[in-house]
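Engineer: Before anything else, here's the structure in question.
The values are calculated or read from the model by the stated rules, or taken from the named source; none is laboratory data. Keep in mind it's a predicted model, so treat the numbers as computed, not measured. Here Cβ is always computed from backbone atoms with ideal geometry, including for glycine, and neighbour counts include all displayed protein chains.
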Amino acid sequence: LEFLTQQCHLSTEVAQRMMIESDLRQALARGELTVAYQPLFTITSGRLRGFDALARWHHLERGTIEPATFIQIAEESGLIIELTDFVLQQACTQMAQWHAIDPALADLKLQVNLSGSDLAHSALSERIEHALASSHFNPRLLTLELTENILMKRIDSAMATLETLRKLGVSLAIDDFGTGYSSLAYLSSLPIDSLKIDRSFVHGMRRVGSKDAEIVRAIVSLGATLGKSVVAEGIESVSQLAQLRELGCEHGQGFHLSRPLTPQQAEALLECLLTELHEPQAQAAFDTGLMPLVRH
Ligand code: C2E
Ligand code: MG
């Protein structure tokens, strides 16, 4: 009976996956996929530096489906190429509109995730070039993120691809840094601009001197040595933020600073920043704090 129950669970799981895969195929056409924008701040100055673009799927019948579920299915089914193109196109177009609102917003950066299949795709460079050109987006403001695992798994073939991407003018970041097995020898020679410290280390940074705090310190110092900027992910508390600032971590994002926002919410944040900026009496506050912190 136990065997049968297991089989039954398995086939329900398989059926579920197949259903999600076929629904995802239609989701792009049905307009169910959107992009959320999570603000990225410069910790040292408190300034908004840009946004991470994150795919969102609101299924018409099933409600919200988590990226952790659908990104993996998209990877396995090959749909990820179309998904990446959608996110890239959508986010570049949106950001170009925000850049045009006010010169003070014109250098906001955009970070987009690439998958392993993207890295192996022969037309990757053309796809990115197309997204940039059709949205009139400045390549210097785009950062493409690759997880440490994806990168190290294909390191030999990836090197040439990364060089080609860099020639487009875009920047490259290693995502979830610290969770994979980076070779330090490769790390120094990789054409990578920044390291994003995995949020598990930030989470474990309970006290100064804890193991995770020391790992964060080591990554910050590694970044400084290699000339790569460092971003902390998953900042959830005021004490984590204070510790990161003390460790000299330059950039950060996390729920404590802001959750991922809908385009409307992000636009409200930008309007708010502009008001602060153009009202002289509010200038001091803009310069010193992380302003304004958006929570819901
Ligand atoms: P990621 O690229 O590391 O993105 C950050 C994830 O951490 C996001 O989850 C974000 O909502 C979450 N996060 C941000 N701040 C905090 C925090 O303070 N605490 C905690 N616990 N979580 C925080 P999300 O949107 O569910 O995405 C999960 C992952 O799915 C992403 O991790 C990325 O690997 C993948 N993903 C999302 N959108 C895309 C996409 O368009 N393309 C590809 N290839 N992957 C994507
Ligand atoms: Mg990422």
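Engineer: Of the residues Gly180, Gly169, which is within 14 Å of ligand 2 (Cβ to nearest atom) and surrounded by fewer than 22 Cβ atoms within 10 Å (Cβ to Cβ)?
Structural biologist: Gly180
The rows are residues; the columns are (1) more than 15 Å from ligand 2 (Cβ to nearest atom); (2) in contact with a Ser or Thr (Cβ under 8 Å, 6 or more places away or on another chain).
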{"position": "Ser22", "(1), (2)": "yes, no"}
{"position": "Ala27", "(1), (2)": "yes, no"}
{"position": "Arg56", "(1), (2)": "no, yes"}
{"position": "Ala68", "(1), (2)": "no, no"}
{"position": "Leu88", "(1), (2)": "no, no"}
{"position": "Trp98", "(1), (2)": "yes, no"}
{"position": "Leu108", "(1), (2)": "yes, no"}
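Engineer: Moving on. Could you give every pair whose Cβ atoms fall below 7 Å, whose first residue belongs to the stretch 1-27 and is over 18 Å from Leu60 (Cβ atoms) and modelled with pLDDT of 80 or more, and whose second residue is surrounded by 10 or more Cβ atoms within 10 Å (Cβ to Cβ) and not aromatic (Phe, Trp, Tyr), counting only separations of at least 6 or pairs across chains?
Structural biologist: Arg17/Ile73
Engineer: Any residue at all in the stretch 127-137 that's assigned to a helix (DSSP H, G or I), surrounded by fewer than 19 Cβ atoms within 10 Å (Cβ to Cβ) and within 16 Å of ligand 2 (Cβ to nearest atom)?
Structural biologist: Scanning the stretch 127-137, I find no residue that is assigned to a helix (DSSP H, G or I), surrounded by fewer than 19 Cβ atoms within 10 Å (Cβ to Cβ) and within 16 Å of ligand 2 (Cβ to nearest atom), so the answer is no.
Engineer: Can you name the residue in the stretch 163-179 that is closer than 24 Å to Ala96 by Cα and part of a helix (DSSP H, G or I) and is also farthest from ligand 1 (Cβ to nearest atom) among such residues?
Structural biologist: So the residue we want is Lys167.
Engineer: Against the condition surrounded by 14 or more Cβ atoms within 10 Å (Cβ to Cβ) and under 18 Å from Ala268 (Cα atoms), how does Asp52 come out, does it pass?
Structural biologist: Spelling it out, Asp52 is indeed surrounded by 14 or more Cβ atoms within 10 Å (Cβ to Cβ) and under 18 Å from Ala268 (Cα atoms).
Engineer: Still on this structure: For the stretch 241-262, give me each residue that is crowded, with 17+ Cβ neighbours inside 10 Å and closer than 26 Å to Ile101 by Cα.
Structural biologist: Correct list: His251, Gly252, Gln253, Gly254, Leu257, Ser258, Pro260, Leu261.
Engineer: Would you mind listing the strands (runs of 3 or more DSSP E) fully within the stretch 2-88 where at least 2 residues are within 28 Å of Asp107 (Cα to Cα) and of a type outside the set (Gly, Ala, Ser)?
Structural biologist: It comes to 33-42, 47-59.
Engineer: For the condition within 14 Å of ligand 1 (Cβ to nearest atom), surrounded by fewer than 19 Cβ atoms within 10 Å (Cβ to Cβ), farther than 20 Å from Lys153 by Cα and among the polar types (S, T, N, Q), what is the one hit in Thr143, Thr69, Thr93?
Structural biologist: Of Thr143, Thr69, Thr93, the one residue that is within 14 Å of ligand 1 (Cβ to nearest atom), surrounded by fewer than 19 Cβ atoms within 10 Å (Cβ to Cβ), farther than 20 Å from Lys153 by Cα and among the polar types (S, T, N, Q) is Thr69.
Engineer: Could you identify the single residue in Val202, Val216, Val231 that is assigned to a helix (DSSP H, G or I), in contact (Cβ under 8 Å) with a residue 24 or more places away in the chain and within 16 Å of ligand 2 (Cβ to nearest atom)?
Structural biologist: Only one candidate passes the filter, namely Val202.
Engineer: I've got another one for you. Just to be sure before I move on: is Glu61 of a type in the set (Asp, Glu) and away from ligand 2 (no atom under 16 Å from the Cβ) in the structure I sent?
Structural biologist: yes
Engineer: Turning to a different aspect of this structure: Of all residues in the stretch 36-54 being among the aliphatic types (A, V, I, L, M) and more than 16 Å from ligand 2 (Cβ to nearest atom), which is farthest from the chain's Cα centre (by Cα)?
Structural biologist: Ile43
Engineer: Continuing with this model, one more query. Among (1) assigned to a loop (DSSP other than H, G, I, E, B); (2) within 16 Å of ligand 2 (Cβ to nearest atom), there is one condition Val208 misses while meeting the rest; what is its number?
Structural biologist: Of (1) assigned to a loop (DSSP other than H, G, I, E, B); (2) within 16 Å of ligand 2 (Cβ to nearest atom), only one is false for Val208: (2).
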